[in-house]
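Everything below concerns the one structure shown next.
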Amino acid sequence: MAKGRTSVYVCDSCGHDEPKWLGRCPACGEWNSFKEVHLSPPTGKTSGIAGSRRHIIPREIAEPKILSAINPTPPQKYPTGNEELDRVLGGGLTPGAAVLLGGEPGIGKSTLMLQVAANLPGLGLYISGEESPGQIKTRADRLKLPQDSLEVLCETNLETLLVLIGERKPAYLVVDSIQTLVSEEAGAIPGTPSQLKIAGHRLTTWAKSSGIPLFLIAHVTKEGTIAGPKVIEHLVDTVLYFDHSSSDLRILRSSKNRMGSVDEVGLFRMGATGLTPIADPAGLFLEHRKDGPPQGSAVAAVYEGSRILLVEIQALTVPSKGGIGRVYSDRIDSARVSRIAAVLERHAGLRLSDQDIYVNVAGGLRISDTGAELALALALFSARSAQTLPGDMVAVGEISLAGEVRPVPHLRRRIKTASDTGLGRFFASAAADESGKFPGKGHIIHSVRDALAAVLS
């Protein structure tokens, strides 16, 4: 930087800086994105623009340690008071953990965080950049939450917030939302990638150094991903996504978790008193019909995290107008649907290449468990052949490219859960049972041909 310069031009989209204004950013290609940022005089020996923009904070130099000499004892986790959130977090909240929560507008992110914050031990701090203190108070009254252990502050200036939390040292911090924070170093427009990078880095650094849990609420794009640069998700310890499948059902899942598994799913029901955890969701996604299931419907027992869920897979096939079939599926990977359809056509003689295939999961749950592939194959067969499957049937199995039904783990638990729900006919591979014996009553299935033959009989 030239000596005596008092300002620099910074791109709002990517944070690239230039000594003079440019119409188009050479780094990200955005037009008219450069804003003038005034530089504060440096207080120490620094180099470059970044050093001239902030004061030097002296700190102790960390010494490297031998790996074998490091204490491997993980920090003690403590419950948040919400069983479903604890399940997704990996057993509870870890001191100093940074948790990022994203979801669509109005889905219940602020409600969940207010419920959790009001029940955590110690005096916490809730930072709101979108709602007034009166609105937060009204919601807390409606949810009948304890209010003596939570402080509320409406503040969007990042530097002011860092000074405040450094002085008060709350037991935990909730920021709603990170897109509303503004740092003087990145201009005056909130929500830009530069603002999010600075806010995310400084807040997570503070959480790690202080050992205080941090919750960050984030906006999402129209594609459903967290808005802003991906570096925010790399900085935090846990990334949670809040989704909905029906008018009142909410699904919480983790896409990243340094403190536990990412396979767990938390289920809530939204009501007048806020979000209520669903303790026993085994048959939650099943539709109990008096006249039996419709054509193209099959029940699968899927393993999500540490529990079994029974879901109804629905399939519909219609002749393709262009002669080449397409697959429409968002709850099950469309590539998996195409693979199962190809196996059925090759090994079962079921022509699906000239059909448009529509696949849905009742209740809106996204399925990644390979144990649902046999149920998917039976649903496709039922839709294409116009034959109804038995109403008390549950299918469990993974399908190989050779048309074999491969074993899946936790078969006993899957069948027991189905039996407790009233489903008594099982289609599964006997090899999935560790003892070598098929648990319960049902059909031993070795291939998709066996499965179709059992259905037709």
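Throughout, read-outs are computed from the coordinates displayed, never taken from laboratory work. This one's a predicted model, so the numbers in the text were calculated from it and none came from an experiment. A quick note on method: Cβ atoms are made from the backbone with ideal geometry, for glycine too, and the neighbour counts reach across all protein chains shown.
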> Regarding the chain, what are the three Cα extents along the principal axes, ordered largest first, in Å?
Replying inline: 87, 52, 52
>> Could you tell me the center-to-center distance, by alpha carbons, between region 163-237 and region 391-418 in angstrom?
In response: 43
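Classify region 77-277 as rounded, prolate or oblate from the Cα gyration tensor: take a ≥ b ≥ c as the square roots of its eigenvalues, call it rounded if a/c is under 1.5, otherwise prolate when a/b beats b/c and oblate if not. Don't skip to the answer; put the middle values down first.
Details: a/c = 1.32, a/b = 1.20, b/c = 1.10.
Rounded is the answer for region 77-277, as its axis ratio a/c remains below 1.5.
How would Ile444, Ile324, Ile217, Ile66 line up from fewest to most surrounding beta-carbon atoms within 10 angstrom?
Ile66, Ile324, Ile444, Ile217
Between Arg346 and Lys169, what length in nm is gained on full extension when 0.36 nm per residue of separation is reduced by their alpha carbon distance? Let's see the in-between values first.
Values: separation 177, 0.36 × 177 = 63.72 nm, distance 6.45 nm.
My answer for the length gained is 57.3 nm.
If Lys and Arg each add +1 and Asp and Glu each add -1, what is the summed charge of the other residues whose beta carbon sits under 10 Å from the beta carbon of Val396? The partial results should precede the final answer.
Working: positive: Arg414; negative: Asp369, Glu373, Glu398.
Summing Lys and Arg as +1 and Asp and Glu as -1 gives -2.
Over region 297-456, what is the percentage of antiparallel beta bridges among all DSSP beta bridges, to the nearest 5? Numbers along the way, then the final one.
Working: 18 of 29 bridges.
Beta bridges within region 297-456, antiparallel portion: roughly 60 percent.
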>> Can you give me the C-alpha center-to-center distance between region 61-122 and region 358-383, rounded to a whole angstrom?
In response: 34
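From the convex hull of the Cα coordinates of region 222-347, what is the mean projected area in square nanometres? Walk me through the intermediate numbers first.
On the way: hull surface 49.6 nm².
Orientation-averaged projected area of the Cα hull: 12.4 nm².
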> Along the charge dipole of the chain, which of Ser457, Ala335, Leu120 sits closest to the positive end, that is, farthest toward it, with unit charges on the beta carbon of Lys, Arg, Asp and Glu (+1, +1, -1, -1)?
Replying inline: Ala335
> What percent do you get for the relative contact order of the chain when only Cα pairs under 8 Å and 6+ apart count?
Replying inline: 11
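Explain nothing, just the number: dipole magnitude of region 297-456 about its Cα centre with +1 on each Lys and Arg Cβ and -1 on each Asp and Glu Cβ, in debye rounded to the nearest 20. Show your work: numbers first, answer last.
Working: 19 positive and 16 negative charges, 16 e Å.
Magnitude of the dipole: close to 80 debye.
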> Going by alpha carbons, how many degrees (0 to 90, nearest 10) lie between the helix axis of 334-347 and the longest principal axis of the chain?
Replying inline: 20
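Please list 342-355, 131-144 highest first by mean number of surrounding beta-carbon atoms within 10 Å per residue.
On the way: 342-355: 16.8, 131-144: 13.6.
Output ranking for 342-355, 131-144: 342-355, 131-144.
For region 198-305, with only Lys/Arg (+1) and Asp/Glu (-1) charged at the beta-carbon, what is the dipole magnitude about the Cα centre, in debye rounded to 20?
Values: 11 positive and 11 negative charges, 79 e Å.
The calculation lands at about 380 debye.
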>> Based on C-alpha coordinates, I'd like the Rg and Dmax of region 297-456, in Å.
In response: 14.7, 50
> Using only helices, what value at 222 nm comes out for the chain when you add -39,500 (n - 2.57) per DSSP H run of length 4 or more and divide by the total residues, to the nearest 500 deg cm²/dmol?
Replying inline: -7500 deg cm²/dmol
> Taking neighbour Cβ counts within 10 Å as the exposure measure, how do Leu316, Leu378, Leu452 sort from fewest upward?
Replying inline: Leu316, Leu452, Leu378
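I'd like the FRET efficiency for Trp21 and His234, computed as 1/(1 + (r/R0)^6) with the beta carbon distance as r and R0 of 45 Å, rounded to 0.05.
On the way: r = 31 Å, r/R0 = 0.69.
Efficiency for this residue pair is about 0.90.
Antiparallel versus total DSSP beta bridges in region 77-277: what percent is that, nearest 5? Don't jump to the answer; show the numbers that get you there.
On the way: 18 of 41 bridges.
Looking only at bridges with both residues in region 77-277, the antiparallel portion is about 45 percent.
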> Can you list the residues of region 231-270 with backbone N under 20 Å from a point 7 Å past the Cα of Tyr78, pointing along Cα to Cβ?
Replying inline: 237-238, 259-260
